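A.B. asks: Provided herewith is a single structure, encoded as structure tokens, for subsequent inquiry.
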Amino acid sequence: MRKKLKYLLSLLLLPMLLMMYLPVPVEAKVEAQNNKIVMDVQDAIDLYRYIAQLEAENKALKEGLQREREATDNYISNTSSLIDKYERERTEWQKLEQSMNDELASERASKYKTAGVALILGALIGAAVD
């Protein structure tokens with residue numbers, strides 16, 4: 001029973017909600033008399049309210065846009081800072097890799113030098129013993 005009431009109530013409220021957000025076509029009677037614009041008082045009041053509503057909406061949109069711009073600028077600066085840090089870290093890793101490769105090459109050269117000297121000494125000792 002409650003479900004039916006909920007559905008009926010929602011069916012009744014749905015058109016009401018839709019009517020709130022649908023624009024209501026309103027036409028104001030505006031005339032020009034003696035180089036002056038003449039309109040009904042209620043139409044003028046509605047026009048001023050509409051203008052005030054548009055001004056408030058414009059102000060809110062400008063403030064929102066300003067906040068978005070600040071957030072975007074902040075995001076861009078943070079991102080560029082992170083990119084700079086990443087690039088510095090990458091260059092440090094490359095320097096470390098290069099120094100380790102140089103050290104490895106130096107060790108290999110030292111090992112080959114030692115092996116070469118040992119081979120020559122062994123050959124000389126072997127020749128002297130014979």
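Nothing in this text is a laboratory measurement; each read-out follows from the coordinates by a stated rule. Here the structure is a predicted model, which means the values were calculated and not measured. FYI the Cβ positions are ideal-geometry reconstructions off the backbone, even for glycines, and counts take in every protein chain you see.
A.B. asks: If you wrap a convex hull around the Cα atoms of the range 24-119, how much volume per residue is inside, in Å³? Intermediate results must be reported in sequence, preceding the final value.
C.D. replies: Details: hull volume 15.0 nm³, N = 96.
With only Cα atoms used, the range 24-119 gives 156 Å³ per residue.
A.B. asks: Using the Karplus equation 6.51 cos²θ - 1.76 cosθ + 1.60 (θ = phi - 60°), what ³J(HN,Hα) coupling, rounded to whole Hz, does each residue of the range 79-95 give in order, writing x for Gly and Pro?
C.D. replies: Using θ = phi - 60°, the values come out as 5, 5, 5, 5, 5, 4, 4, 4, 5, 5, 4, 5, 5, 5, 5, 5, 5 Hz.
A.B. asks: Report ³J(HN,Hα) in whole Hz for each residue of the range 112-129, in order, from the Karplus equation J = 6.51 cos²θ - 1.76 cosθ + 1.60 where θ = phi - 60°; Gly and Pro get x.
C.D. replies: 5, 5, 4, 5, x, 5, 5, 5, 5, 5, x, 5, 5, 5, x, 6, 6, 6
A.B. asks: Among 110, 52, 96, whose Cα sits farthest toward the positive end of the charge dipole of the range 24-119 (+1 at Cβ of Lys/Arg, -1 at Cβ of Asp/Glu, about the Cα centre)?
C.D. replies: 110
A.B. asks: Just subtract the alpha-carbon distance of residue 73 and residue 40 from 0.36 nm times their residue separation and send over the number in nm, one decimal.
C.D. replies: On the way: separation 33, 0.36 × 33 = 11.88 nm, distance 4.86 nm.
Length difference between fully extended and current span is 7.0 nm.
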